[in-house]
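Every number in this text was worked out from the coordinates using simple rules, so none of it is lab data. Predicted, not measured: the structure shown is a model, and the values here were computed from it. Cβ placement follows ideal geometry from the backbone for every residue including glycine, while neighbour counts extend to all protein chains displayed.
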Amino acid sequence: MHSYYITGASGIKLFVRETGNPRGRPLLMMHGYSQNSLSWKKQLCSELAQEFRIIAFDLRGHGLSEKPIYGYDSMDWAGDIHALIINLELIQPILVGWSYGGFIILDYIRHYGEASISGIVFVDAGTSLGTTESVNFSTPAIKCLFPGLDSNDALVSSGALQQFLGLLFYYPPCIEDFYFILGFNTAVPYYVRKALDSRVVSNDELLASICKPTFVIYGMHDKIVTMAQTMHIIELVPNVYSSFYENSGHSPFWENPKRFNCELAIFAHSMT
């Protein structure tokens, strides 16, 4: 695995981790709210790397990427993905978006279309936020945490982050994994989280217009994104496949990596 920086939209530096076959089909992995590219550790360091070119990056405001006070609008997210595709010369990548990564995929499609990608994977993803139709798309548990997660009081936000981590999994992670994940969550400034969860986004028309093959994955014990949100995506997208994980919560790629990696590979093979 190697890492480097590229320049995203508005000159923001984005930190990238890359592994795998440089001639393989690119998998461009987008992590979720308050996470970073290490969320994809079990994909970056897996058998997927034998065949595919795997690119995972820290979203702006997260991990080792720059953290501007402003610059978290739809065009900013879209521009970052466009910059990655152009600068890294990604030929027909598959976009994989976990949780908030679903919004970012749709931001990209809204502004740049689908011509440069071959497929989409939504993993326990959100697509609508702050709208009437999205009221039932997030659980009460996560809604209750947003004030604490957005707080500029370190004691308040750190407590909320620890509770937030409890929502990411069906089975609690081991203590080493818990603190590993907590570490990169605390690296995200409160104003970034606030910018993310205060967006008002409706993507229904865009979802219904998607032409490229789309794979929807959902952990049945998700404590953040509801089944209603996932079924909403499935009902709207024309060319859609789905997979439901009985023994997983919000992070099926972490809790069931062998199955996830196998299904991701099968979907990628169907693009050829």
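Take every Cα-Cα pair in segment 194-234 and report what % of them are more than 13 Å apart. Kindly include the intermediate steps, with their values, before the conclusion.
Values: 531 of 820 pairs.
The proportion of pairs with Cα distances above 13 Å equals 65 percent.
Count neighbours as other Cβ atoms within 10 Å of each site's Cβ, and list the GluC sites (Glu not before Pro) in segment 15-106 that are DSSP loop with at most 15 such neighbours. Display every interim value, and only then the final one.
Numbers: sites: Glu18, Glu47, Glu51, Glu66, Glu89; in loops: Glu47, Glu66, Glu89.
Sites meeting the loop and neighbour criteria: Glu47, Glu89.
Computed about the Cα centre, the dipole magnitude for the chain is approximately 380 debye when only Lys and Arg (+1) and Asp and Glu (-1) carry charge, each at its Cβ. For segment 47-130, chymotrypsin sites (Phe, Trp or Tyr not before Pro) meeting the loop criterion (DSSP other than H, G, I, E, B) and having at most 10 other Cβ atoms within 10 Å: Tyr70.
For the residue pairs Lys13/Lys258; Lys13/Lys41; Lys194/Lys223; Lys67/Lys258; Lys41/Lys67, the alpha carbons lie more than 26 Å apart in Lys13/Lys258; Lys67/Lys258.
Among DSSP beta bridges whose residues both lie in the chain, state the antiparallel percentage, nearest 5. Please report the intermediate quantities before stating the final value.
Values: 13 of 37 bridges.
Expressed as a percentage, antiparallel bridges in the chain total about 35.
Among the GluC sites (Glu not before Pro) in segment 163-256, those placed in a DSSP loop whose Cβ has at most 10 other Cβ atoms within 10 Å are Glu246. In terms of overall dimensions, the chain has a Cα radius of gyration and Dmax of 16.9, 50 angstrom. Distance distribution P(r), segment 119-272, all Cα-Cα pairs, bin width 10 angstrom from 0: 10, 35, 36, 17, 2, 0 percent. Phi-derived couplings, Karplus 6.51 cos²θ - 1.76 cosθ + 1.60 at θ = phi - 60°, listed residue by residue for segment 96-103: 10, x, 9, 6, 5, x, x, 4 Hz, with x used for Gly and Pro. The average projected area of segment 12-101, computed from the convex hull of its Cα atoms over all directions, is 5.3 nm². Counted over segment 143-225 with a bin width of 10 Å, the fraction of Cα pairs per bin, in whole percents, is 14, 36, 32, 16, 2. What is the distance in Å between the Cα centres of segment 200-268 and segment 13-42? Using only Cα atoms, the two centres lie 18 Å from each other.
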